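Just below is one structure, and these are the notes that go with it.
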Amino acid sequence: MSYQITQVKQPLNNAPHTAETKKQERFFLFSLAGIQFTHILDFMIMMPLGPQFITALSINTHQFGLLLSSYTFAAAIAGVFATYYIDRFERRQLLLRLYVCFIIATIACGFASNYHMLFIARACAGAFGGILGSLVQTIVADSIPFERRGKALGTVMAAFSVSTVAGVPLSLFLANHISFLGWRAPFMFIGLISILILLIGYRYIPKISGHLHHIHEGSRFQQIYEVFVAHRHLRAFLFVGLIMLTGFTVIPYIALYLTANVGIENSYISLIYLCGGLATLMSSRFIGHMADKYGKVKVFRILAIISLIPILVTTNLIPVPLWVVLVNQTAFFVLISGRMIPAMAIVSQMVEPKIRGTFMSLIGSVQMLASGIASVVAGLVVTITTNGRMEHYNLVGYGAAICGLLTFWVVGYIHSDMKKA
């Protein structure tokens, strides 16, 4: 077949870092970043369309909340089920087949005729998207040496920034300007973009099968159980869970707090996300480079401490000029997302390649579950007064700051585990 000519002749992890392999690596990482971009955008694009869904589907705010959480919790559950087979298949083949399923589920969202069909389609998209996120990180860890992995993950995770930049304004633009499709338009758009990325990935993602050469002892359930209960792995799950709690207790309520308490006009919310996303896009590779140069643990700890400042400012902000909000929220997005780059590089190195897919699937499930729990817990803490103001958001910020401080402490134990291994 013609695509075999473009396959990397040896694993990127072992290939000399020549000009040719650098070019191959760029296209390889671009393909993975594209996959990451589309499944994150598929999640982000729902949030600003709440009023349209409520009107078009005749649902209430609680049902819309369930529609959002269906993606997250389905991804968490799918990640657990994926542990059974993810290390039993060649990575490229599994990635592309899952991506096809994700594309079908996303397009199905656009064709859903009622709330229940949309709920099922969103859950399916979340299930496939959640596994894709873990598998992309696994492939990067399998293919890129640890000393360059921070920069590589920075490239792939920059997709989150692009989806943040594009997600909010793009979903509103498409839904408002393609009137005959309405809220269906964003899903159709993601489906078309995903098909293009699928073709690029088919051409440039190499076969990755080194993990298949290892001998697995015992039953598959026993192997998964051993991966799950290992003390060093439990610390990694706690570490990732705390990172997600730090960010996602605060993030879902930023827009509401800024409009209700700080006095920012709703029309400026897209600008705030746009500035934050663009800054994060530019900073991701730099943070990855710094992590490779000065050490992942050191860079993570610096970011974890500095990020507490915009967290506490965000949740205690009083009416201030727009430029102050833009500066603070941009710093918030850069630092909160920046922590994930050295964190995932650290976590991905904790296990051998033969079980990395299983481990990273569990990590992905923890991420999704923790983000869902964070939103629910924060929703129980904050209240809306009769005059429309949000109260107790400062308590959410203090809780997030405590979680952030705990990550500073837990990463030390993980670093000790890595040195002992």
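The values are calculated or read from the model by the stated rules, or taken from the named source; none is laboratory data. Keep in mind it's a predicted model, so treat the numbers as computed, not measured. All Cβ positions, even for glycine, are placed from backbone atoms using ideal geometry, and neighbour counts span all protein chains on display. Areas reflect the complete protein model, heavy atoms only, side chains present, ligands, DNA and RNA absent. Shrake-Rupley method; radii C 1.70, N 1.55, O 1.52, S 1.80 Å.
Compactness of the range 230-370 was expressed as the Cα radius of gyration divided by 2.2 N^0.38 Å, which yields 1.16. Taking the Cα centre of the chain as origin and assigning +1 to Lys and Arg Cβ atoms and -1 to Asp and Glu Cβ atoms, the resulting dipole is close to 940 debye. Ligands, DNA and RNA left out, the 1.4 Å accessible surface of the chain is 69% carbon and sulfur atoms.
Largest GNM mean-square fluctuation among His116, His39, His233, using the chain with Cα springs under 10 Å: His116.
Once the convex hull of all Cα atoms in the range 231-309 is built, its volume per residue stands at 109 Å³.
Could you give me D for the range 45-111, from Stokes-Einstein at 37 °C and 0.692 mPa s, where the hydrodynamic radius is the Kirkwood radius over C-alpha pairs? Units µm² s⁻¹, please. Translational diffusion coefficient: 233 µm²/s.
For the range 359-399, the Kirkwood estimate of the hydrodynamic radius, built from every pair of different alpha carbons, is 11.7 Å. For the range 364-377, backbone phi angles converted through the Karplus equation (6.51, -1.76, 1.60; θ = phi - 60°) give residue-by-residue couplings of x, 5, 5, 4, 5, 5, 5, 5, x, 4, 4, 5, 5, 4 Hz, Gly and Pro being listed as x. In the chain, taking the dipole from charged Cβ atoms about the Cα centre, the farthest positive-side position among Ser307, Ile120, Ser171 is held by Ser307. Taken over the C-alpha atoms, the range 348-421 has Rg and Dmax values of 17.6, 57 angstrom. Kirkwood radius for the range 119-206, taken over all pairs of different Cα atoms as the inverse mean of 1/r, rounds to 15.2 Å. Comparing mean-square fluctuations of Thr106, Thr83, Thr383 from a GNM of the chain with C-alpha springs under 10 Å, the top value falls on Thr383.
Normalised Debye scattering of the chain at q = 0.06, 0.07, 0.13 Å⁻¹ gives log10 I(q)/I(0) of -0.23, -0.32, -1.17, counting only Cα atoms as equal scatterers and leaving out solvent. Per residue, the accessible area of the chain comes to 44 Å² when a 1.4 Å probe rolls over the protein heavy atoms. For the residues Tyr71, Tyr294, Tyr115, a GNM of the chain with alpha-carbon springs under 10 Å puts the largest fluctuation on Tyr294.
When the P(r) is computed for the range 108-163, the part past 19 Å accounts for 48% of the Cα-Cα pairs. The convex hull of the Cα atoms of the range 176-285, projected and averaged over all directions, covers 12.9 nm².
Remark: the range 347-356, residue by residue, has Karplus-estimated 3J(HN,Hα) of 5, 5, 8, 7, 10, 6, x, 5, 10, 5 Hz, where x stands for each Gly or Pro and the curve is 6.51 cos²θ - 1.76 cosθ + 1.60 at θ = phi - 60°.
All Cα-Cα separations within the range 74-153 were binned at 5 Å from zero, giving a P(r) of 3, 15, 22, 20, 16, 12, 7, 3, 2, 1, each value a whole percent of the pairs.
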